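The values are calculated or read from the model by the stated rules, or taken from the named source; none is laboratory data. Source: prediction; values computed, not measured. Glycine also receives a Cβ, built like all others from the backbone with ideal geometry; neighbour counts cover every protein chain displayed. Accessible surface areas use protein heavy atoms only, side chains included; no ligands, DNA or RNA. Shrake-Rupley method; radii C 1.70, N 1.55, O 1.52, S 1.80 Å.
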Amino acid sequence: MKKLLFPFLLILLAAALVACGTKDGDKSNSSNGKPTEESSGDTAAKNGLLDEVLEKGVLNVGTEGTYAPFSFHDESGKLTGYDVEVTEEVATRLGVEAKFFETQWDAIFAGLDAKRFDVIANQVGINDKHKSKYEFSQPYTRSHSVLVVRSEDDIAFDGMKGKKAAQTLTSNYGELAKSKGAEIIKVDSFNQAVDLVISKRADGTYNDKISALDFLKQKPDAPIQIVEEENISAENESENAFLFRQGNEDLINEVNQALDAMREDGTLKEISEKWFGEDVS
């Protein structure tokens, strides 16, 4: 009798264990249990980029770090510049910290696409090419073409016909000089062009006003002057802004509100005048 009872007890014990295992398994998959990774990911996906930035307390920013005076390293090695200061102020008004990721210009858009950072702050021009794939904040920098000539010369913006213009060949400013009838002298940089003007090997050079202002900021005693167009319109004015991936209107709106407040209280003008001696915002 004992021999028959023992196998029967083993069968009952095994059945009880299976039942307990099934009960535990039901708990792990029930809605009352701990959320799975998949459900957590779905919840995070529903949150906008603004919520993500505020939750982390960090705004990740892509910039070159080699583009003075907008984004570069000073003598102590600190990342600084006009774009850096504007971005840091915007981040402060959002209640977060700006964290910069330095990237070469050729790779900066790919970095934004790959979500390495949330925004690009690197004097990105507002144009149709960029608008087709990305979204912009309102502009925080406005500029236009100018002609740089020697201080003693009386040359109008349109007065370079037959004169020598020091220009990089592939730039828009080289094309501008050609359209004004100037003889082109090839240079590799704006500083080199200004040196040729000062040494009287060239009569002038066309370039962006901000570049000219920065040169005079660094070398206030340089014997040059900036000649502007008589009629500056939207057609010949360039605008630069923060660049975002599409679909992040929540964050863009907050950044725009911060920029509006910075204009109203004079902060944006103050940063601009610090770097250029003039309000370029």
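Restricting attention to region 233-275 and to residues that are in contact with a His (Cβ under 9 Å, 6 or more places away or on another chain) and not polar (S, T, N, Q), the residue that is most open to solvent (accessible area, probe 1.4 Å) turns out to be E237.
Residues being modelled with pLDDT of 95 or more and acidic (D, E): count how many of those fall in region 235-262. Before the answer, list the steps.
Pass one, region 235-262, residues modelled with pLDDT of 95 or more: 241-262.
Of the ones still in play, those that are also acidic (D, E) are 249-250, 254, 260.
Residues flagged as modelled with pLDDT of 95 or more and acidic (D, E) within region 235-262 amount to 4.
In a residue-by-residue description of region 184-196, the property of being under 18 Å from V227 (Cα atoms) and free of Cβ contacts under 8 Å to residues at least 24 places away in the same chain applies to at least one position.
Of all residues assigned to region 161-180, none qualifies as being open to solvent by less than 20 Å² (accessible area, probe 1.4 Å), part of a loop (DSSP other than H, G, I, E, B) and over 30 Å from L50 (Cβ atoms). For A121, the stated conditions do not hold, so it cannot be described as closer than 30 Å to L268 by Cβ, among the hydrophobic types (A, V, I, L, M, F, W, C) and without any contact (Cβ under 8 Å) to a residue 60 or more places away in the chain.
Looking at this structure, is K217 closer than 19 Å to Y140 by Cβ, buried (at least 16 other Cβ atoms within 10 Å of the Cβ) and out of contact with any Pro (no Cβ under 7 Å at 6 or more places or on another chain)? Steps first, please.
Working: closer than 19 Å to Y140 by Cβ: yes; buried (at least 16 other Cβ atoms within 10 Å of the Cβ): no; out of contact with any Pro (no Cβ under 7 Å at 6 or more places or on another chain): yes.
So K217 fails the test.
Residues considered: D195, D158, D208. Of these, the only one that is surrounded by fewer than 20 Cβ atoms within 10 Å (Cβ to Cβ) and touching a Phe, Trp or Tyr at 6+ places or on another chain (Cβ under 9 Å) is D208. Criterion first (over 23 Å from the mean Cα position of the chain (by Cα) and without any contact (Cβ under 8 Å) to a residue 24 or more places away in the chain) does I155 satisfy it? Answer is no for this residue.
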